[in-house]
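Data first, discussion second: the structure below is written as C-alpha coordinates.
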Amino acid sequence: MTMPAHQTPATPALTVLTVPAFDDNYLWLIHDGVHAAVVDPGDATPVLAALEAHSLRLVAILLTHHHADHVGGVPALLRHWQVPVYGPASDNIPAVTNPLWENDLVQLPALGLSLQVLDVPGHTRGHIAYVAAEQSWLFSGDTLFAGGCGRLFEGTAAQMVASLDKLASLPDNTSVYCAHEYTLSNLRFALEVEPDNRALQQRMVAEQDKRAQRIPTVPSNIALEKSTNPFLRFRENSIVTRLKTTEHLSPSISNQDSPRIFAALREWKNNYR
Ligand SMILES: [Zn+2]
(Lines give C-alpha, C1' and ligand atoms only; values in the text may rest on other atoms or scores of the structure.)
Protein backbone atom coordinates (compact mmCIF):
# COMPACT_ATOMS: atom_id res chain seq x y z
CA MET A 1 0.00 0.00 0.00
CA THR A 2 1.36 3.43 -0.89
CA MET A 3 1.54 6.08 1.75
CA PRO A 4 -0.79 9.04 1.16
CA ALA A 5 1.17 12.17 0.35
CA HIS A 6 0.18 13.95 3.54
CA GLN A 7 1.77 11.18 5.61
CA THR A 8 5.14 11.38 3.87
CA PRO A 9 7.60 12.26 6.61
CA ALA A 10 9.11 15.67 5.96
CA THR A 11 12.90 15.87 5.89
CA PRO A 12 13.82 17.68 9.10
CA ALA A 13 15.66 20.94 8.59
CA LEU A 14 19.37 20.74 9.30
CA THR A 15 21.22 23.37 11.30
CA VAL A 16 24.91 24.06 11.78
CA LEU A 17 25.78 24.86 15.38
CA THR A 18 28.94 26.85 16.11
CA VAL A 19 31.06 25.27 18.85
CA PRO A 20 33.98 27.55 19.80
CA ALA A 21 37.13 25.80 21.09
CA PHE A 22 40.66 26.77 22.16
CA ASP A 23 41.45 30.44 21.40
CA ASP A 24 40.00 30.82 17.92
CA ASN A 25 38.82 27.43 16.56
CA TYR A 26 35.28 26.70 15.44
CA LEU A 27 34.03 23.11 15.59
CA TRP A 28 30.84 22.54 13.62
CA LEU A 29 27.91 20.43 14.75
CA ILE A 30 25.45 19.60 11.96
CA HIS A 31 22.15 18.49 13.49
CA ASP A 32 18.45 17.91 12.94
CA GLY A 33 17.38 18.34 16.57
CA VAL A 34 18.00 14.63 17.29
CA HIS A 35 21.13 13.43 15.46
CA ALA A 36 24.41 15.23 14.94
CA ALA A 37 27.65 15.00 12.99
CA VAL A 38 30.69 16.94 14.12
CA VAL A 39 33.31 18.47 11.85
CA ASP A 40 36.93 18.68 13.10
CA PRO A 41 36.48 18.08 16.86
CA GLY A 42 39.87 19.29 18.07
CA ASP A 43 38.53 19.18 21.63
CA ALA A 44 35.85 16.76 22.88
CA THR A 45 34.74 18.76 25.93
CA PRO A 46 32.79 21.56 24.19
CA VAL A 47 31.34 19.03 21.70
CA LEU A 48 30.07 16.74 24.47
CA ALA A 49 28.63 19.78 26.26
CA ALA A 50 26.84 20.96 23.10
CA LEU A 51 25.46 17.45 22.41
CA GLU A 52 24.12 17.29 25.94
CA ALA A 53 22.74 20.84 25.95
CA HIS A 54 20.77 20.15 22.76
CA SER A 55 19.93 16.48 23.57
CA LEU A 56 21.69 15.30 20.42
CA ARG A 57 22.96 11.83 19.51
CA LEU A 58 26.31 11.81 17.66
CA VAL A 59 26.16 9.71 14.46
CA ALA A 60 29.42 10.62 12.69
CA ILE A 61 32.74 12.42 12.96
CA LEU A 62 34.07 14.24 9.89
CA LEU A 63 37.73 15.30 9.66
CA THR A 64 39.37 17.63 7.13
CA HIS A 65 43.07 17.06 8.00
CA HIS A 66 45.42 15.61 10.58
CA HIS A 67 46.34 18.63 12.74
CA ALA A 68 45.77 18.18 16.47
CA ASP A 69 43.37 21.12 16.81
CA HIS A 70 41.09 19.29 14.31
CA VAL A 71 41.37 15.66 15.48
CA GLY A 72 42.42 15.89 19.15
CA GLY A 73 38.94 15.25 20.56
CA VAL A 74 38.23 12.11 18.51
CA PRO A 75 39.39 9.45 21.06
CA ALA A 76 37.32 11.00 23.87
CA LEU A 77 34.24 11.31 21.62
CA LEU A 78 34.61 7.64 20.59
CA ARG A 79 34.57 6.63 24.27
CA HIS A 80 31.05 8.13 24.49
CA TRP A 81 29.79 7.39 20.98
CA GLN A 82 30.75 4.44 18.74
CA VAL A 83 30.44 6.24 15.40
CA PRO A 84 32.23 6.12 12.05
CA VAL A 85 35.12 8.54 11.59
CA TYR A 86 35.35 9.98 8.07
CA GLY A 87 38.57 11.63 6.96
CA PRO A 88 41.14 12.01 4.21
CA ALA A 89 42.65 8.76 2.95
CA SER A 90 46.09 10.30 2.54
CA ASP A 91 46.61 12.33 5.74
CA ASN A 92 47.62 9.43 8.06
CA ILE A 93 44.93 9.84 10.73
CA PRO A 94 44.84 6.58 12.74
CA ALA A 95 41.24 7.12 13.99
CA VAL A 96 39.73 7.26 10.48
CA THR A 97 37.44 4.28 9.83
CA ASN A 98 36.07 5.56 6.50
CA PRO A 99 38.92 6.95 4.36
CA LEU A 100 37.80 9.39 1.67
CA TRP A 101 39.00 10.35 -1.79
CA GLU A 102 38.09 13.12 -4.22
CA ASN A 103 34.40 13.03 -5.24
CA ASP A 104 33.46 10.40 -2.67
CA LEU A 105 29.99 10.94 -1.27
CA VAL A 106 29.49 10.70 2.51
CA GLN A 107 25.91 9.60 3.15
CA LEU A 108 24.53 10.14 6.64
CA PRO A 109 21.00 8.72 6.40
CA ALA A 110 20.17 9.52 10.05
CA LEU A 111 20.55 13.19 9.16
CA GLY A 112 19.37 12.95 5.55
CA LEU A 113 22.70 14.53 4.65
CA SER A 114 25.02 13.94 1.68
CA LEU A 115 28.47 15.48 1.59
CA GLN A 116 30.71 15.53 -1.44
CA VAL A 117 34.46 15.25 -0.83
CA LEU A 118 36.94 17.58 -2.52
CA ASP A 119 40.70 17.05 -2.37
CA VAL A 120 42.23 20.40 -1.38
CA PRO A 121 45.93 19.74 -0.68
CA GLY A 122 48.33 22.51 0.28
CA HIS A 123 47.92 23.15 4.02
CA THR A 124 48.49 19.41 4.48
CA ARG A 125 49.15 16.78 1.83
CA GLY A 126 45.79 15.06 2.24
CA HIS A 127 43.48 17.93 3.28
CA ILE A 128 39.88 17.46 2.12
CA ALA A 129 36.80 19.69 2.18
CA TYR A 130 33.14 18.67 2.47
CA VAL A 131 30.36 20.16 0.33
CA ALA A 132 26.69 19.78 1.22
CA ALA A 133 25.31 20.70 -2.19
CA GLU A 134 21.64 20.62 -1.19
CA GLN A 135 22.23 22.96 1.76
CA SER A 136 24.94 25.06 -0.01
CA TRP A 137 27.46 24.49 2.78
CA LEU A 138 31.21 24.15 2.49
CA PHE A 139 33.35 22.88 5.38
CA SER A 140 36.77 24.12 4.32
CA GLY A 141 38.92 23.26 7.36
CA ASP A 142 42.20 25.20 7.17
CA THR A 143 42.23 25.62 3.37
CA LEU A 144 39.94 28.61 2.72
CA PHE A 145 39.46 31.06 5.61
CA ALA A 146 37.23 34.11 5.79
CA GLY A 147 39.47 36.66 4.11
CA GLY A 148 42.47 34.35 3.91
CA CYS A 149 43.82 30.83 3.45
CA GLY A 150 45.83 28.27 5.39
CA ARG A 151 49.60 28.20 5.49
CA LEU A 152 51.47 25.91 3.14
CA PHE A 153 52.81 23.36 5.61
CA GLU A 154 53.06 20.26 3.42
CA GLY A 155 51.93 21.15 -0.09
CA THR A 156 53.09 23.44 -2.88
CA ALA A 157 51.77 26.80 -3.97
CA ALA A 158 50.55 25.22 -7.21
CA GLN A 159 48.51 22.68 -5.20
CA MET A 160 47.00 25.38 -3.00
CA VAL A 161 46.10 27.48 -6.05
CA ALA A 162 44.28 24.49 -7.57
CA SER A 163 42.57 23.77 -4.23
CA LEU A 164 41.36 27.36 -3.79
CA ASP A 165 40.25 27.56 -7.44
CA LYS A 166 38.15 24.45 -6.81
CA LEU A 167 36.46 26.04 -3.80
CA ALA A 168 35.99 29.39 -5.59
CA SER A 169 34.11 27.58 -8.36
CA LEU A 170 31.34 26.53 -5.94
CA PRO A 171 28.06 28.48 -6.23
CA ASP A 172 28.25 32.08 -4.94
CA ASN A 173 25.67 31.46 -2.23
CA THR A 174 27.68 28.60 -0.66
CA SER A 175 28.24 29.26 3.05
CA VAL A 176 31.91 28.83 4.00
CA TYR A 177 32.38 27.15 7.38
CA CYS A 178 36.10 27.43 8.03
CA ALA A 179 37.85 26.28 11.19
CA HIS A 180 39.21 29.53 12.67
CA GLU A 181 38.17 33.05 13.60
CA TYR A 182 41.10 34.73 11.84
CA THR A 183 38.96 37.15 9.85
CA LEU A 184 40.00 40.56 11.19
CA SER A 185 43.71 39.81 10.98
CA ASN A 186 43.17 38.38 7.47
CA LEU A 187 41.28 41.49 6.37
CA ARG A 188 43.96 43.82 7.78
CA PHE A 189 46.42 42.10 5.48
CA ALA A 190 43.93 42.10 2.60
CA LEU A 191 43.58 45.89 2.90
CA GLU A 192 47.36 46.20 2.75
CA VAL A 193 47.24 44.26 -0.53
CA GLU A 194 44.13 45.97 -1.96
CA PRO A 195 43.69 49.34 -0.22
CA ASP A 196 41.22 50.56 -2.88
CA ASN A 197 38.87 47.55 -2.87
CA ARG A 198 35.48 49.03 -1.83
CA ALA A 199 33.88 45.65 -1.06
CA LEU A 200 36.84 44.85 1.16
CA GLN A 201 36.65 48.18 3.00
CA GLN A 202 32.94 47.59 3.64
CA ARG A 203 33.56 44.04 4.78
CA MET A 204 36.18 45.17 7.29
CA VAL A 205 33.68 47.58 8.87
CA ALA A 206 30.95 44.91 9.00
CA GLU A 207 33.23 42.22 10.46
CA GLN A 208 34.74 44.61 13.04
CA ASP A 209 31.20 45.38 14.12
CA LYS A 210 30.43 41.65 14.54
CA ARG A 211 33.59 41.03 16.57
CA ALA A 212 32.90 44.04 18.80
CA GLN A 213 29.65 42.24 19.68
CA ARG A 214 31.50 38.87 19.96
CA ILE A 215 29.52 37.51 17.01
CA PRO A 216 31.42 34.99 14.81
CA THR A 217 32.34 36.27 11.33
CA VAL A 218 32.04 32.65 10.11
CA PRO A 219 30.31 31.36 8.03
CA SER A 220 31.28 33.57 5.16
CA ASN A 221 30.16 32.84 1.61
CA ILE A 222 31.85 32.25 -1.74
CA ALA A 223 30.65 35.52 -3.33
CA LEU A 224 32.07 37.56 -0.45
CA GLU A 225 35.35 35.65 -0.57
CA LYS A 226 35.68 36.17 -4.32
CA SER A 227 35.21 39.92 -3.92
CA THR A 228 37.46 40.43 -0.87
CA ASN A 229 39.87 37.53 -0.25
CA PRO A 230 43.30 38.26 -1.78
CA PHE A 231 44.11 34.55 -1.96
CA LEU A 232 41.23 34.09 -4.42
CA ARG A 233 42.00 37.42 -6.15
CA PHE A 234 45.79 37.23 -6.58
CA ARG A 235 45.48 37.19 -10.40
CA GLU A 236 43.99 40.71 -10.39
CA ASN A 237 46.37 43.11 -12.13
CA SER A 238 46.22 45.52 -9.19
CA ILE A 239 47.40 42.78 -6.80
CA VAL A 240 50.22 41.57 -9.05
CA THR A 241 51.34 45.18 -9.48
CA ARG A 242 51.18 45.76 -5.74
CA LEU A 243 53.31 42.64 -5.10
CA LYS A 244 55.89 43.95 -7.55
CA THR A 245 55.98 47.57 -6.35
CA THR A 246 56.34 46.43 -2.73
CA GLU A 247 59.18 44.11 -3.83
CA HIS A 248 57.42 40.93 -2.72
CA LEU A 249 57.55 39.69 -6.32
CA SER A 250 60.29 40.15 -8.89
CA PRO A 251 59.21 42.41 -11.80
CA SER A 252 60.47 39.71 -14.18
CA ILE A 253 57.75 37.23 -13.10
CA SER A 254 54.99 36.87 -15.69
CA ASN A 255 51.47 37.98 -14.67
CA GLN A 256 50.39 34.50 -15.85
CA ASP A 257 52.61 32.65 -13.36
CA SER A 258 49.88 31.88 -10.80
CA PRO A 259 51.92 29.66 -8.42
CA ARG A 260 54.78 32.20 -8.18
CA ILE A 261 52.36 35.10 -7.60
CA PHE A 262 50.37 33.13 -5.04
CA ALA A 263 53.56 32.02 -3.25
CA ALA A 264 54.77 35.64 -3.04
CA LEU A 265 51.43 36.75 -1.57
CA ARG A 266 51.41 33.88 0.95
CA GLU A 267 55.00 34.65 1.94
CA TRP A 268 54.11 38.34 2.47
CA LYS A 269 51.24 37.29 4.75
CA ASN A 270 53.51 34.88 6.69
CA ASN A 271 55.75 37.80 7.60
CA TYR A 272 53.01 40.39 8.07
CA ARG A 273 53.00 41.68 11.68
ZN1 LIG B 1 45.65 22.85 10.17
Next item on the list: Give region 234-262 a look and list any residue that's open to solvent by 40 Å² or more (accessible area, probe 1.4 Å), in a helix (DSSP H, G or I) and either out of contact with any His (no Cβ under 9 Å at 6 or more places or on another chain) or touching a residue at least 60 places away in the same chain (Cβ under 8 Å) (or both), or say none.
Entry: N237, S238, T241, K244, T245, P259, R260
Next item on the list: Output the residues belonging to region 38-66 that are more than 13 Å from V19 (Cβ to Cβ), touching a strand residue (DSSP E or B) at 6+ places or on another chain (Cβ under 7 Å), of a type outside the set (A, V, I, L, M, F, W, C) and within 14 Å of the ligand (Cβ to nearest atom).
Entry: T64, H65
Notebook entry, point to check: When region 174-211 is examined, which residues are found to be under 15 Å from the mean Cα position of the chain (by Cα) and either modelled with pLDDT under 95 or open to solvent by 50 Å² or more (accessible area, probe 1.4 Å) (or both)?
Noted result: Y182
Next item on the list: Sort through A157, A129, A146 and tell me the only one that's aliphatic (A, V, I, L, M) and within 13 Å of the ligand (Cβ to nearest atom).
Entry: A129
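Is it the case that N229 is modelled with pLDDT of 95 or more and under 22 Å from D142 (Cα atoms)?
Working: modelled with pLDDT of 95 or more: yes; under 22 Å from D142 (Cα atoms): yes.
In short, yes.
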Checklist line | Filtered residues of region 32-47 (kept if open to solvent by 20 Å² or more (accessible area, probe 1.4 Å) and closer than 13 Å to V59 by Cα) | finding: D32, G33, V34, H35
Next item on the list: Hey, could you check region 97-118 for residues that are open to solvent by less than 30 Å² (accessible area, probe 1.4 Å) and β-branched (V, I, T) and say which is farthest from the ligand (Cβ to nearest atom)?
Entry: V106
Next item on the list: Scan region 75-86 and give yes if some residue there is under 25 Å from G112 (Cβ atoms), at pLDDT 95 or above, within 22 Å of the chain's Cα centre (by Cα) and assigned to a helix (DSSP H, G or I), otherwise no.
Entry: yes
Next item on the list: Can you tell me which residue within region 42-65, out of those that are over 21 Å from P109 (Cα atoms) and not hydrophobic (A, V, I, L, M, F, W, C), is farthest from the chain's Cα centre (by Cα)?
Entry: E52
Next item on the list: Please specify each residue of region 67-87 satisfying the condition of being away from the ligand (no atom under 13 Å from the Cβ) and aliphatic (A, V, I, L, M).
Entry: V74, A76, L77, L78, V83, V85
Margin query: Can you tell me which residue is nearest to the ligand (Cβ to nearest atom) among those in region 160-170 that are in a helix (DSSP H, G or I) and not hydrophobic (A, V, I, L, M, F, W, C)?
Written below: S163
Notebook entry, point to check: If only one of P121, P94 is out of contact with any strand residue (DSSP E or B) (no Cβ under 6 Å at 6 or more places or on another chain) and surrounded by fewer than 14 Cβ atoms within 10 Å (Cβ to Cβ), which one is it?
Noted result: P94
Note to self: Taking the condition of being without any contact (Cβ under 8 Å) to a residue 24 or more places away in the chain and among the β-branched types (V, I, T), how many residues in region 74-116 meet it?
What the structure shows: 1
Margin query: Every residue in region 102-146 that is closer than 15 Å to Y177 by Cα, part of a strand (DSSP E or B) and aliphatic (A, V, I, L, M), please.
Written below: L115, V117, L118, I128, A129, V131, A132, L138, L144
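The values are calculated or read from the model by the stated rules, or taken from the named source; none is laboratory data. In this text, all values refer to a predicted model and were calculated from it rather than measured experimentally. Ideal geometry is used to build each Cβ from the backbone, glycine not excepted, and the neighbour counts take in all protein chains shown. In case anyone asks, the SASA skips ligands and DNA or RNA and just uses the protein heavy atoms, side chains included. Shrake-Rupley method; radii C 1.70, N 1.55, O 1.52, S 1.80 Å.
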